[in-house]
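Encoded as C-alpha cells, the structure appears first; notes follow it.
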Amino acid sequence: MTMMSEFGAYNKEEMLTQAHQAEPDYVGFYTEDEGANAPRKPFCYICRRFWLRFFRQLREHSEYILYRFPFITHFLERRKCIKCCGICWFVWLSALTGTLFFYYLLMFSFVSGLPLDNDKLFESIEDLSQSNSTFTRVCRFKDWSYFVGSWVGKIINHHGVVLEIANSQGQPTQFLQMEYGARGTYWQIATAPYPDPRYGVVAMDKVGSMPCRYKCGDVDPDQRSPERLLWFLKKYRKQGYNIFHYNCIVFADMVLNFHLPAHRKTECFTTAEMQQHYAEVSARVSAAAKVRDTGLSTGLRSSKIT
C-alpha cells in the first residue's frame, strides 16, 4: 500500500521498517547509563510522594530566594578563592555583631549580677564598731580566674580586699575579708581568712608563685572606724554588678583607696608572707586567750578560798 501526498508517494511498510531500524539508536542515545544514575526509589508510595513534594518545595523556595536576592547568583558565579574570602568575611562580621550586641547588653546593665547588699555583713561591722575595734591595715589581693599563668590571666583575674581588725588596745586580732562579684558579696571574719574558691582559683600550686599577690597599706587615721566602712557599703548597697564598670576589681580598688592615706604608700606581699602574718596574729590571739582563761580560773579559785 502506498500513501499519496503533495510531496509524492510513500510506501507504508518501508516507513515502518526505517522507524524500527532507527529506534535502537534513539533509545540507546537517550537511555545510556540511565539505570546507574537513576535515584533510588523510596520503599513505599507515601514516602515517594513525600520525597517528591519535599524536593519540589525546596526547588520552588530556592528559585524564589535566587529571584529575590540576585546577589546570591552573582556570588555563586565567582571564583572559589573569592567565595572562601566572602564566607570568612561573613563569619567574622557575624561574630563581631554578636559580640557588640552582648557588649551593649552588659554596658547598659541589661545583663547584670547581684548588688552589694548583705545584711549579715552590715550587722557584723556594727558589732565591730560597738566593741571599739578599728581597721589598721588594708590589703587588696588577686586570684586567677581564667587562663592560669598566661598573660591573658594577668589581665582577666579576680580581686578581693582584706582589712586587719585591731582591738581597743591597737593589737591585731582578726581580719575582715570581702569579695564581690556577679553572685554577690562573699565575706568572712577570721584570724586566718582564705580567699573564696567560688570566685577565683585559690589552689596554692596556682597562686603561690604570684610575686605581689597582696598589696597592703596602713589605713588612714580618719578612716579606721568601722562606721566609715559601713557608710561606704550602704552607699553602694543597691549598685548592681557590671562586668565593665562595677566588678570585683573596681570594688577592691574602691575599698583600698577609701582607706588609704593621701600619699598611698603600699607594700607587696606574697602568699607565704601573708600566711605567716596570719599565723602570728593567730598565735598572739591564742596566747592572749590562754592568759585570759588562766586569769579567770585563778580568780575563781581565789574566790572559792575566800
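The values are calculated or read from the model by the stated rules, or taken from the named source; none is laboratory data. Predicted model only: the values in this text are computed from it and were never measured. Every residue, glycine among them, receives a Cβ derived from its backbone with ideal geometry; neighbour counts consider all protein chains shown.
Here are the numbers:
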item: Hey, Phe54 part of a helix (DSSP H, G or I), modelled with pLDDT of 85 or more, closer than 30 Å to Met178 by Cβ and of a type outside the set (D, E, K, R) or not; result: no
item: Residue count, segment 132-158 (criterion: more than 26 Å from Ser282 (Cα to Cα) and either in contact (Cβ under 8 Å) with a residue 24 or more places away in the chain or charged (D, E, K, R) (or both)); result: 7
item: Residue match in segment 66-73 (condition: surrounded by 12 or more Cβ atoms within 10 Å (Cβ to Cβ), under 34 Å from the mean Cα position of the chain (by Cα) and modelled with pLDDT under 85); result: no
item: Set Lys234, Lys265: member being in the same structural domain as Val138 (by TED's automatic domain parsing), outside any helix (DSSP H, G or I) and surrounded by fewer than 19 Cβ atoms within 10 Å (Cβ to Cβ); result: Lys265
item: Thr97, sole failed condition from (1) over 30 Å from Tyr241 (Cα atoms); (2) modelled with pLDDT of 75 or more; result: (1)
item: Matching residues, segment 100-116, being modelled with pLDDT of 75 or more and assigned to a helix (DSSP H, G or I); result: Leu100, Phe101, Phe102, Tyr103, Tyr104, Leu105
item: Filter result for Val161 (touching a residue at least 12 places away in the same chain (Cβ under 8 Å) and hydrophobic (A, V, I, L, M, F, W, C)); result: yes
item: Any hit, segment 274-284, residues being assigned by TED's automatic domain parsing to the domain that holds Gln174, in a strand (DSSP E or B) and surrounded by fewer than 17 Cβ atoms within 10 Å (Cβ to Cβ); result: no
item: Unmet requirement for Ser129, which otherwise passes all of (1) closer than 30 Å to Arg224 by Cα; (2) free of Cβ contacts under 8 Å to residues at least 12 places away in the same chain; (3) not hydrophobic (A, V, I, L, M, F, W, C); result: (2)
item: Restricting segment 138-152 to residues that are among the aliphatic types (A, V, I, L, M) and surrounded by 12 or more Cβ atoms within 10 Å (Cβ to Cβ), the residue that is modelled with the lowest pLDDT; result: Val148
item: Segment 199-237, residues that are farther than 18 Å from Tyr278 by Cβ and of a type in the set (Phe, Trp, Tyr); result: Tyr199, Trp231, Phe232, Tyr236
item: Residue satisfying all of: in segment 153-171; among the aliphatic types (A, V, I, L, M) and out of contact with any strand residue (DSSP E or B) (no Cβ under 8 Å at 6 or more places or on another chain); surrounded by the fewest Cβ atoms within 10 Å (Cβ to Cβ) among these; result: Ile155
item: Selection count where residues are in contact (Cβ under 8 Å) with a residue 60 or more places away in the chain, assigned to a loop (DSSP other than H, G, I, E, B) and within 23 Å of the chain's Cα centre (by Cα), scope segment 165-209; result: 2
item: Qualifying residues in segment 193-214 (those that are among the basic types (Lys, Arg) and surrounded by fewer than 18 Cβ atoms within 10 Å (Cβ to Cβ)) - the one farthest from Val250 (Cα to Cα); result: Lys206
